[in-house]
2 protein chains.
Amino acid sequence: MLIRSVGTDHDRLPHTGAKARDDHEIPAAAIAVPDAELLHRVLVDKKTARVRLVLGARKLPDADSANVVGEVTGRERPGEIVLVGAHLDSWDLGMGAIDDGAGVAIVLETGRLFAALPQKPRRTLRVVLFADEEHGTEGAKEYARLHTAEAANHVAAAEADFGGDAVYAVRWLGNPAMRDRFAALARLLAPLGVERQDDSAEPGADVTPLLELGVPILDLRQDGTRYFDIHHSANDTIDKIDPGVIAQAAAAYATAAWAAAETDGDFGRVPEALRKEHR
Amino acid sequence: MLIRSVGTDHDRLPHTGAKARDDHEIPAAAIAVPDAELLHRVLVDKKTARVRLVLGARKLPDADSANVVGEVTGRERPGEIVLVGAHLDSWDLGMGAIDDGAGVAIVLETGRLFAALPQKPRRTLRVVLFADEEHGTEGAKEYARLHTAEAANHVAAAEADFGGDAVYAVRWLGNPAMRDRFAALARLLAPLGVERQDDSAEPGADVTPLLELGVPILDLRQDGTRYFDIHHSANDTIDKIDPGVIAQAAAAYATAAWAAAETDGDFGRVPEALRKEHR
């Protein structure tokens with residue numbers, strides 16, 4: 001199976017990825033946009049084409065990996081958790097700088113800023129670096145399995161998995177009755193140029209299992225103009241990260257996490273009907 | 001020998017090219033900018049680096065190739081020639097769409113427009129598609145060798161070898177006494193958005209041997225913003241050509257060639273001192 005890469009770029013670097021169906025017996029590959037266009041022209045012109053395909057990828061046996069978890073303990077309600085997460089694994093044809101090295105940097109910086117505060121926020125910040133997002137979100141599923149009993153203690157969860165570019169908006173997914181509390185959090189982000197957009201966050205892959213358990217989602221929307229041109233390709237290298245820009249993203253995540261950790265009341269639980277929409 | 005690619009792009013596609021020195025015994029390769037930066041970081045950090053290099057290039061024996069020449073005969077002075085040229089060869093890791101398929105298209109379109117004119121211009125238009133520009137300009141040298149005797153009949157020469165983007169300026173290289181004649185030609189290009197810049201053209205590789213013989217050079221400057229990011233790399237594919245933009249370039253070449261072919265007087269010869277500067 002040959003498909004056209006998801007990128008909008010015109011670089012001859014194909015994007016890898018996972019198939020949604022478990023058809024491991026069908027070898028599949030994406031080809032770069034210029035090559036897909038060439039193949040299209042040949043097929044339009046000649047009705048038939050001969051493609052020489054060398055696939056170096058192979059399926060290896062499962063191996064152990066681990067989520068990496070760190071905390072800054074809350075000063076008043078240490079058992080209540082604000083979770084910020086990113087994922088450790090990446091496609092190995094590039095460095096994984098934007099997917100998801102950038103997210104790891106953003107949530108680690110959030111943790112560093114919390115640790116450096118002279119007065120810790122009321123609640124605990126938990127930074128989770130998930131294993132295996134790309135190959136089946138096993139790390140996220142395992143986290144949810146292990147923490148089902150304390151899911152009700154998770155006040156909010158945010159995931160950074162959309163590169164290192166600027167945060168331009170904040171959305172949420174939670175109990176509509178708590179809208180004012182969310183609006184107060186969103187106002188703190190305004191000085192960073194972050195707009196409150198609406199109440200319909202799109203939960204990332206690693207926090208979706210928490211949403212299933214009713215945990216409210218904070219969705220910090222990052223500029224994705226370049227994202228799909230770079231991710232999952234050999235072009236995902238550290239030079240694609242602008243230190244000044246990712247600093248804004250980290251500041252937005254840290255501010256949102258601080259507001260969730262410090263706010264007097266919590267954000268309630270996500271109603272069952274909203275959880276279902278993202279199943 | 002490893003060098004950083006000449007491109008300003010951050011794609012992981014190395015640019016090929018030729019060495020100026022004839023050190024065939026030293027294998028040489030360019031690496032993409034992100035890889036050069038990685039190597040630099042490793043060397044700064046560790047003082048040493050180990051690179052695994054697989055070079056697929058190899059030197060083959062010389063083989064015959066040919067310049068391709070076509071003419072539209074002038075109505076009054078068929079022995080006087082306005083030459084527009086481009087080159088047929090390209091680096092084979094891409095299609096050679098911008099280097100130099102675009103130039104070939106521009107000069108062929110110039111020829112097509114001349115052939116379609118109800119009244120042919122006074123002088124002959126000669127379209128030359130040079131062989132072997134990339135590997136030593138053997139086609140251009142052979143053309144000059146074969147036509148040395150009629151060099152004085154070449155009124156002007158222009159080369160299209162800078163991609164398919166817009167022509168923004170025109171320069172020339174010739175006898176300073178003929179400046180007014182050049183200025184009159186340049187005025188015809190103004191409606192295409194082409195500016196008369198100055199009198200110091202940079203002759204391309206394939207017309208330099210003609211300059212040596214005293215032939216005045218018309219230099220139609222094309223937008224090179226993208227050029228060095230694409231040329232000599234796997235990214236040099238047809239999708240990099242915008243049909244609307246290359247049409248402007250072809251119109252500029254055709255207009256300049258028409259003006260040179262139709263003008264009453266010629267542009268004289270390039271003084272020896274100016275020829276020497278470009279040797």
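The values are calculated or read from the model by the stated rules, or taken from the named source; none is laboratory data. Values in this document were obtained by computation on a predicted structure and should not be read as measured data. Please note: Cβ atoms are built from the backbone with ideal geometry, for glycine as well, and neighbour counts cover all protein chains shown. Ligands, DNA and RNA are stripped out before the accessible areas are found, and what is left, the full protein with its side chains, is counted by its heavy atoms. Shrake-Rupley method; radii C 1.70, N 1.55, O 1.52, S 1.80 Å.
Residues are listed down the side, and each one gets a yes or a no for (1) within 29 Å of A:ASP206 (Cα to Cα); (2) loosely packed, with under 10 Cβ neighbours inside 10 Å:
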residue: A:ILE26; (1), (2): yes, yes
residue: A:ALA30; (1), (2): yes, no
residue: A:PRO34; (1), (2): no, no
residue: A:ARG50; (1), (2): no, yes
residue: A:LYS59; (1), (2): yes, yes
residue: A:SER65; (1), (2): yes, no
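Among what's in the range A:131-153 and is open to solvent by less than 30 Å² (accessible area, probe 1.4 Å) and either of a type in the set (A, V, I, L, M, F, W, C) or not in a loop (DSSP other than H, G, I, E, B) (or both), pick the residue that is farthest from A:ASN175 (Cα to Cα). Per the stated criteria, the residue is A:ALA131.
Of A:GLU142, A:GLU150, A:GLU212, A:GLU134, all but one fail to be touching a residue at least 40 places away in the same chain (Cβ under 8 Å) and under 14 Å from the mean Cα position of the chain (by Cα); the exception is A:GLU134. Taken together, A:ALA102, A:ALA140 contain a single residue that is modelled with pLDDT of 95 or more and touching a Gly at 6+ places or on another chain (Cβ under 7 Å), which is A:ALA102.
Candidates B:LEU210, B:LEU189: the one that is under 30 Å from B:ALA149 (Cα atoms), more than 14 Å from chain A (Cβ to nearest Cβ), not in a loop (DSSP other than H, G, I, E, B) and not hydroxyl-bearing (Ser, Thr, Tyr) is B:LEU210. Among residues of the range B:250-269 that are in contact (Cβ under 8 Å) with a residue 60 or more places away in the chain and within 16 Å of B:GLY193 (Cβ to Cβ), those with a Cβ under 8 angstrom from a residue that is open to solvent by less than 10 Å² (accessible area, probe 1.4 Å) and in a loop (DSSP other than H, G, I, E, B), sequence gap 6+ or separate chain, pair up as B:ALA252/B:VAL194; B:TYR253/B:ALA160.
Give the residues of the range B:183-220 that are polar (S, T, N, Q) and surrounded by 16 or more Cβ atoms within 10 Å (Cβ to Cβ), sorted by residue number. The one that is polar (S, T, N, Q) and surrounded by 16 or more Cβ atoms within 10 Å (Cβ to Cβ): B:THR208.
Quick one: would you say B:GLY96 is out of contact with any His (no Cβ under 7 Å at 6 or more places or on another chain) and either over 30 Å from A:MET95 (Cα atoms) or at pLDDT below 95 (or both)?
Judged against the criteria, B:GLY96 is not a match.
Answer yes or no as to whether B:VAL104 is away from chain A (no Cβ under 13 Å), among the β-branched types (Val, Ile, Thr) and open to solvent by 60 Å² or more (accessible area, probe 1.4 Å). Spelling it out, it is not the case that B:VAL104 is away from chain A (no Cβ under 13 Å), among the β-branched types (Val, Ile, Thr) and open to solvent by 60 Å² or more (accessible area, probe 1.4 Å). Hey, can you tell me all the residues within the range A:42-72 that are closer than 23 Å to A:ASP219 by Cα and free of Cβ contacts under 8 Å to residues at least 60 places away in the same chain? Those that are closer than 23 Å to A:ASP219 by Cα and free of Cβ contacts under 8 Å to residues at least 60 places away in the same chain: A:GLY70, A:GLU71, A:VAL72. Residues that are touching a Pro at 6+ places or on another chain (Cβ under 8 Å) and under 17 Å from B:ALA254 (Cα atoms) occur in the range B:107-114; there is at least one.
Candidates are the residues of the range A:225-248 that are within 14 Å of chain B (Cβ to nearest Cβ) and hydroxyl-bearing (Ser, Thr, Tyr); the one that is surrounded by the most Cβ atoms within 10 Å (Cβ to Cβ) is A:SER233.
Within the range A:107-130, track down each residue that is over 12 Å from the mean Cα position of the chain (by Cα) and either open to solvent by less than 30 Å² (accessible area, probe 1.4 Å) or modelled with pLDDT under 95 (or both).
Initially, the range A:107-130 is screened for residues over 12 Å from the mean Cα position of the chain (by Cα), giving A:108-127.
Across the range A:107-130, the qualifying residues are A:THR110, A:GLY111, A:PHE114, A:PRO121, A:ARG123, A:THR124, A:LEU125, A:ARG126, A:VAL127.
In the range A:83-94, of all residues being open to solvent by less than 80 Å² (accessible area, probe 1.4 Å) and more than 17 Å from A:HIS154 (Cβ to Cβ), the one that is farthest from the other protein chains (Cβ to nearest Cβ) corresponds to A:HIS87.
Within the range A:68-75, not a single residue is closer than 27 Å to A:ILE106 by Cβ, acidic (Asp, Glu) and out of contact with any Ser or Thr (no Cβ under 6 Å at 6 or more places or on another chain). Restricting the search to strands (runs of 3 or more DSSP E) fully inside the range A:1-82 and requiring at least 3 residues that are away from every other protein chain (no Cβ under 14 Å) and modelled with pLDDT of 90 or more gives A:68-72.
Return yes when A:LYS276 is among the basic types (Lys, Arg), within 14 Å of chain B (Cβ to nearest Cβ) and on the phi < 0 side of the Ramachandran plot and no when it is not.
Spelling it out, it is not the case that A:LYS276 is among the basic types (Lys, Arg), within 14 Å of chain B (Cβ to nearest Cβ) and on the phi < 0 side of the Ramachandran plot.
When the residues of the range B:165-182 are filtered to those that are open to solvent by 10 Å² or more (accessible area, probe 1.4 Å) and of a type in the set (Gly, Ala, Ser), which remaining residue is modelled with the highest pLDDT?
Looking at the filtered set, the residue picked out is B:ALA166.
Scanning the range B:249-279 for residues that are open to solvent by less than 30 Å² (accessible area, probe 1.4 Å) and aromatic (Phe, Trp, Tyr) yields B:TYR253, B:PHE267.
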